[in-house]
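First the structure, in the form of structure tokens, and then the observations on it.
Each reported figure results from applying straightforward, stated rules to the coordinates on display, with no laboratory input. In this text the structure is predicted, and so the values were computed from the model without any measurement. Using ideal geometry, Cβ is built from the backbone for each residue, glycine included, and neighbour counts are taken over all protein chains shown.
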Amino acid sequence: MYCVKCRQKRDAQDVENVTMKNGKPAVKGKCSVCGTGMYKIGAHA
Ligand SMILES: [Zn+2]
């Protein structure tokens, strides 16, 4: 997943599938380097 803080692709920790307010699936995780929340919209892990 892409980390907006590192501005690089990073491995995500604590990855979980979530549903956004508009009903679309997304994947939520944490950057393994800086701990910033990461989202990937439109897919489930
Ligand atoms: Zn990061």
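A few points about this structure:
- Taking the charge dipole of the chain about its Cα centre, with +1 at Lys and Arg Cβ atoms and -1 at Asp and Glu Cβ atoms, the residue from T19, G37, Q8 reaching farthest to the positive side is Q8.
- Proximal lysines relative to K21, as straight alpha-carbon distance under 23 Å, when same-chain residues fewer than 8 apart are discounted: K30, K40
- Computed about its Cα centre, the charge dipole of the chain is approximately 220 debye, with only Lys, Arg, Asp and Glu carrying charge at their Cβ.
- Whole-number percent relative contact order across segment 2-41, with pairs defined as alpha carbons under 8 Å at least 6 apart: 39
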